[in-house]
Structures are given as structure tokens and as C-alpha cells.
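> Please find one structure pasted underneath; my questions will follow.
Every number in this text was worked out from the coordinates using simple rules, so none of it is lab data. Note that this is a predicted model, so its numbers are computed, not measured. Because the Cβ atoms are built from the backbone with ideal geometry, glycine has one as well, and the counts that use them run over all protein chains shown.
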Amino acid sequence: MRCQPPLKSMVYNWLNNSHACLLCDEKAEQPYPLCVPCETELPWLQDGCQVCALPLPMQGLTCAPCRRRPPAFYCVEAPWHYGFPLDTLISRFKYNSHWPLGRLLATLLGRWLSHRYGDGLPRPTLLLPVPLSRRRLRQRGYNQAAMLAHWLAAQIGIACNDHVLQRVLETPAQQGLSAKSRKRNLSQAFCVADSAPLQGRHVALVDDVLTTGATAQALASLLLKAGARRVDVYCLARTAKPGSA
């Protein structure tokens, strides 16, 4: 006589009943540790630029900077704008080693991308995390973009390579710099260590937050010159234009 419940039933019960919400500590009752009310309250990006995802007043618009000077990347895919409580979750993951929060956000990003693929978004064949400088990697102990990229790759079934791109120059932190200063700051900061995996491929850069897009622009230009066919950007959140709501 078998008293052990079926394995599939055990897995189902564990996934749907054992999680506590990482925001409110209530029972999540979802396959990931976030309850429906807290998920609904996240700052979902409803209307953004069709190219860079900059928050805009309505759908179907392209922001003025992207119209004047189209970026090297094709599009930015971000489920949220950088607002509360998402900004706190990202900061805790990025600076305080709260990795379960990063894993949760990667899971939600993967689910959101799967819906976008179902709506016709072309799938890349390779994910490339934004590289971290050696000094910052030693200080922090991990690259949050690489962790997000590997979690995302496992979920959506796309290969990830964190050795293609390297950061070769130590530069001041981007926080607090103007858009022009950010571009100047990143000049010659990156290199392609191995161009072979890029030839003719559609690739996607993975990062936590897109602010001015200077990093994405620098890397996308580099990747296209190295042989990539198309570069998209996947990130958790997009910041609004300074001074906007």
C-alpha cells in the first residue's frame, strides 16, 4: 500500500500553498512568492516610448530623442517604471544581497516576456548581461545583471553568455550624472571579448534599470559592430524623465 502522495500533486501543493509574499508576508497562493494584491500594486509601465520605453502619456508614441536620433538598440522591454515599491526591491537585491527578491523579479520579468512573445515580439537567441567592473564586482561580490540574465534564461529557454562582454575601464558610478556625462563616462569602457557567438544573431542585453540609456547605447553599438544583427534591451524598470511625475 502506497501512502506517499503522487509527486505531481506534491509539487503543485508546494508551489501554490507554501509561499509567503515577500512584500506583505501574507500567503501568496501563486507559483511565486508574491500575492495578487501586491503584484497589482507594482508600478506597471502602461504607456512608454515604443523604442526606449520612456514613460509617456499614452500608448503608441515614440519619444522626441528616439525620433531625432534613433538608438543602436531596437527596443527596450521593461514591465515597470522605477517607482515604489519596485525601487526598494531592486535596491535591496542590488546592494544588500537580497537574492530572493532578485529571483522573484526575474520570474515576473520572464512571465511578462512570455506574454510579449505570444503577442509577436521576436525572440532573441542569446541573452547578454551588462558587465560589471572588476573593482565593483569585488566590492559587491556579484553582478546583479548576470544573476537576472541566468535566471531569465532558464525560465524562457534562451541561452545566456556572460563572457562575451567585458568592462575594461573603471569609471565613476553613473548615479547622479547628467545624460551627456554618462555618455562621456562610458566612452571606451566596454569591449567584446568574443565576437563569434554574435555573428548574425538577435541578442538581448539584460540589466536591472534603464535610466538615460547611455549604457545600453554604448553596448548595442559595440555589439552591432561586432556582428550582431539586432540588439534589444531587457530590464526590470525604466526611469521617468527627470522632473516628470
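> For Thr62, enumerate residues with amide H under 5 Å from its amide H, sequence gap 5+ or separate chain, H modeled in the peptide plane.
Those lying under 5 Å, H to H, from Thr62 are Gln50.
> Give, as ranges by residue number, the residues of the stretch 127-153 whose backbone N falls under 18 Å from the point 7 Å along Cα→Cβ of Asn96.
Within reach of a label on Asn96, which here means backbone N under 18 Å from a point 7 Å along Cα→Cβ, the stretch 127-153 contributes 140-142, 144.
> If amide hydrogens are placed 1.01 Å from N in the peptide plane, which non-local residues have theirs closer than 5 Å to the one on Leu165?
Here Ala193 satisfy the definition.
> What three numbers, in Å, describe the spread of the alpha carbons of the stretch 44-238 along their principal axes, ordered from the longest?
Principal-axis extents of the Cα atoms in the stretch 44-238, largest first: 40, 36, 36 Å.
> Can I ask one more? What FRET efficiency comes out for the pair Arg134/Ser195, r = Cβ-Cβ distance, R0 = 22 Å, nearest 0.05?
About 0.55, to the nearest 0.05.
> Moving on to the next point. Amide H neighbours of Asp232 under 5 Å, counting only residues 5+ apart in sequence or on other chains, H built in-plane at 1.01 Å?
Sorted by chain and number, the residues that satisfy this are Tyr74, Val203, Ala204, Leu205.
> Quick one: net charge around Ala20, please, counting Lys, Arg +1 and Asp, Glu -1 for every other residue with C-beta under 13 Å from its C-beta. Could the numbers behind the result be given before it?
On the way: positive: Lys27; negative: Asp25, Glu26, Glu29.
Value of the local net charge: -2.
> With +1 on each Lys and Arg Cβ and -1 on each Asp and Glu Cβ, how big is the dipole of the stretch 44-238 about its Cα centre, in debye rounded to the nearest 20?
Charge dipole, the stretch 44-238, about its Cα centre: 540 debye, nearest 20.
> Across the stretch 105-118, in residue order, what do the Karplus-derived ³J(HN,Hα) couplings come to in whole Hz, using 6.51 cos²θ - 1.76 cosθ + 1.60 with θ = phi - 60° and x for Gly and Pro?
Residue by residue, the stretch 105-118 yields 5, 5, 4, 5, 4, x, 5, 5, 5, 4, 5, 5, 4, x Hz.
> Kirkwood hydrodynamic radius of the stretch 18-67 from all distinct Cα pairs, in Å?
Working: mean 1/r = 0.0782 Å⁻¹.
After inverting the mean inverse Cα-Cα distance, the result is 12.8 Å.
> Express the C-alpha Rg of the stretch 75-117 as a ratio against the empirical globular expectation 2.2 N^0.38 Å, rounded to two decimals.
Values: Rg = 11.1 Å, N = 43, 2.2 N^0.38 = 9.2 Å.
The stretch 75-117 yields a ratio of 1.20.
> Counting Lys and Arg as +1 and Asp and Glu as -1, what is the net charge of the other residues whose Cβ lies under 15 Å from the Cβ of Pro55?
-1
> By how many nm would the segment from Glu26 to Ala154 lengthen if fully extended, with 0.36 nm per residue of separation less the alpha-carbon distance? Spell out each step's value before the answer.
Details: separation 128, 0.36 × 128 = 46.08 nm, distance 2.75 nm.
Stretched fully, the Glu26-Ala154 segment lengthens by 43.3 nm.
> Here's something else I'd like to know. Which residue, chosen from Leu198, Met58, Leu152, occupies the Cα position most advanced towards the positive end of the dipole of the stretch 44-238, where the dipole is computed from +1 (Lys, Arg) and -1 (Asp, Glu) charges on Cβ about the Cα centre?
Of the listed residues, the answer is Leu198.
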